[in-house]
Every structure is written in structure tokens, then in C-alpha cells.
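A quick write-up on the structure given underneath.
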Amino acid sequence: MKPARGRGAAHDERRGAILEAVFAIVDTEGTHQVSIRRVAERAGVSVGRVQHYFPSKDDLLTAAFTAINDRGTARVQARLSESSPAEALLTELIPATDEDRRLFRVAQAFETHALTNPEMAGRLRQDYDELIALLTALVGDAAKKLLALALGLASLTLTGNLTPEEARAIVRSGIEKRG
């Protein structure tokens, strides 16, 4: 019997490797340095292979933007059982490990890029609206204030002004005070 053709583990692995190459370029050089050719070189695949998964640079950036947001969502969901939902949600925004910091830098680069891309800007706005709605259900009117606090603290951890522990303690205090 012949093996089945179509999407499978190898497809997902190749697509994931291409997206990881995008993340690596964005992390070290910014979204403006992403090109199909550079991504192919970084991923160790042909230009045609990248174009098979992502026909254009916009498709590539949009998929990477979606993937980085999906990773963040998955990380929060994985932590929901560890603490209160509001605490899990807000403290997960604060990067604590080298990989967290890398993902946060990549996500921030994509957010900046999204501000000049109407389709991505709409997705970003929708994602934040959904996050604010969820936080509002958990903590009430303090949701936007606490989200802004957590995002600001996340930036301060990247610059080394705060440790992740200090930032997370501030978030917890804000949750307890409800803004």
C-alpha cells in the first residue's frame, strides 16, 4: 500500500521551520529584513519550498504574525490551572526566560509592523479587543489598566530595568488592588 499523500507531520515540520526562520530574522534584524530568499537561506530550504507554503512576503509575515500570537495564547492556556486566570494571563505577558524574551521581541516587532499593514492592524486590534474582553470578565473595569501595566512591565524586563519576578509581583499587586 502506498503512503498517503497530503498534509502530514513533514508538512507541518517544514512549515514550522520556515516560520522559525522568520522569527530568527525578525528577532535580530526586524520585519523589514524578511524576504522569501533570506527566509529560505535561514531555513535551509529552496525559495520554491518557501513559496509553496507562503506565496508572497505578505503571506509569510501574516502567517508568522498569526503563529507568534497563537504561541502566546497557548502559553497562557497552559498556565491557567497554575494560578488565578487573571494572574496567569497577565504574568505570562512578562518574559522570564531567554525564549520568552525572544518571543516577546518578535511579537513586538510584528505589532510595530502591523501598525502600517491594514490587514494585520485589524487582526491586532481584534486580538487586543478579545484579550480586553476576557480580562474585563475576570477583573472588571481595571482590565485595560492592568493590561497596560503588564505590557509596560514586560518592556522593562527586556531592558533589564526590572527582573521578571519584580514585574510579576507588581502585576499581582495590581490584580489584588484591581487597578
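The values are calculated or read from the model by the stated rules, or taken from the named source; none is laboratory data. Remember, it's a predicted structure, so these values are computed and weren't measured experimentally. Methodologically, a virtual Cβ is constructed for each residue, glycine included, from the backbone with ideal geometry; neighbour enumeration extends over all protein chains shown.
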When the residues of the range 156-166 are narrowed to those that are surrounded by 14 or more Cβ atoms within 10 Å (Cβ to Cβ) and within 19 Å of the chain's Cα centre (by Cα), which ends up modelled with the lowest pLDDT? 158
Check whether at least one residue in the range 147-155 is surrounded by 15 or more Cβ atoms within 10 Å (Cβ to Cβ), under 18 Å from residue 108 (Cα atoms) and of a type in the set (Ser, Thr, Tyr), and report yes or no. yes
Conditions (1) among the aliphatic types (A, V, I, L, M); (2) in contact with a Pro (Cβ under 6 Å, 6 or more places away or on another chain); (3) surrounded by fewer than 14 Cβ atoms within 10 Å (Cβ to Cβ) -> residue 96 fails only (3)
Would you say residue 149 is closer than 16 Å to residue 103 by Cα and in a helix (DSSP H, G or I)? no
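How about the range 51-85: which of its residues are over 22 Å from residue 123 (Cβ atoms) and modelled with pLDDT of 90 or more?
Of everything in the range 51-85, those that are over 22 Å from residue 123 (Cβ atoms) and modelled with pLDDT of 90 or more turn out to be 51, 52.
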Take residues that are in contact (Cβ under 8 Å) with a residue 60 or more places away in the chain and closer than 24 Å to residue 160 by Cα and tell me which of the helices (runs of 4 or more DSSP H) falling wholly in the range 4-120 contain 1 or more. 9-29, 85-91, 98-114
Among (1) of a type outside the set (D, E, K, R); (2) outside any helix (DSSP H, G or I); (3) at pLDDT 90 or above, which single condition is residue 179 missing? (3)
Within the range 159-170, is even one residue under 18 Å from residue 68 (Cα atoms), free of Cβ contacts under 8 Å to residues at least 24 places away in the same chain, assigned to a helix (DSSP H, G or I) and of a type outside the set (Gly, Ala, Ser)? no
Give the residue that is surrounded by the most Cβ atoms within 10 Å (Cβ to Cβ), with candidates limited to residues of the range 105-133 that are under 22 Å from residue 176 (Cα atoms) and touching a helix residue (DSSP H, G or I) at 6+ places or on another chain (Cβ under 7 Å). 131
Name the residues in the range 64-89 that are under 14 Å from the mean Cα position of the chain (by Cα), over 26 Å from residue 33 (Cβ atoms) and surrounded by 16 or more Cβ atoms within 10 Å (Cβ to Cβ), would you? 76, 89
Selection count where residues are in contact with a Gly (Cβ under 9 Å, 6 or more places away or on another chain) and of a type in the set (A, V, I, L, M), scope the range 80-113: 5
